[in-house]
Amino acid sequence: MKKITEDQYQVCKVNGLLFDGKNVYKGLNKKVERSAYSGRSYIRTRHNVYVTEGSDGIYDLMLEFEKKGFGEIGNSK
């Protein structure tokens, strides 16, 4: 698990990269949905947010979205 900032958490939330281990939400990214059945993809603690990393993790997906320009909230074009 890797710690992310609140801004990165918002990017993940907007782009449907978060899976809590229980509910499959509408708008969930297809890659996350496929790998979601192996466990949860993020944990929100009192002070930090942790996401999975590696080839099936969402940390790499989040970095891809930031590189493509989806990093700013509301900037999906």
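Just so you know, all these numbers are worked out from the coordinates, no wet-lab data involved. Computed from a prediction, not measured in an experiment: that's the story for all the values here. Glycine also receives a Cβ, built like all others from the backbone with ideal geometry; neighbour counts cover every protein chain displayed.
Before moving on, here are some points about what is shown:
- Cross-link partners for Lys30 among the aspartates and glutamates, with Cα-Cα distance under 13 Å and sequence neighbours closer than 8 places in the same chain left out: Asp56.
- Taking amide hydrogens as placed 1.01 Å from N in the peptide plane, the amide H of Val49 sits under 5 Å from those of Ile4, each at least 5 positions away in sequence or on another chain.
- Neighbourhood net charge (15 Å Cβ-Cβ; Lys/Arg +1, Asp/Glu -1) for Ser35: -2
- ³J(HN,Hα), Karplus 6.51/-1.76/1.60, whole Hz, each residue of region 15-25, x for Gly, Pro: 8, x, 9, 9, 10, 8, x, 10, 10, 9, 7
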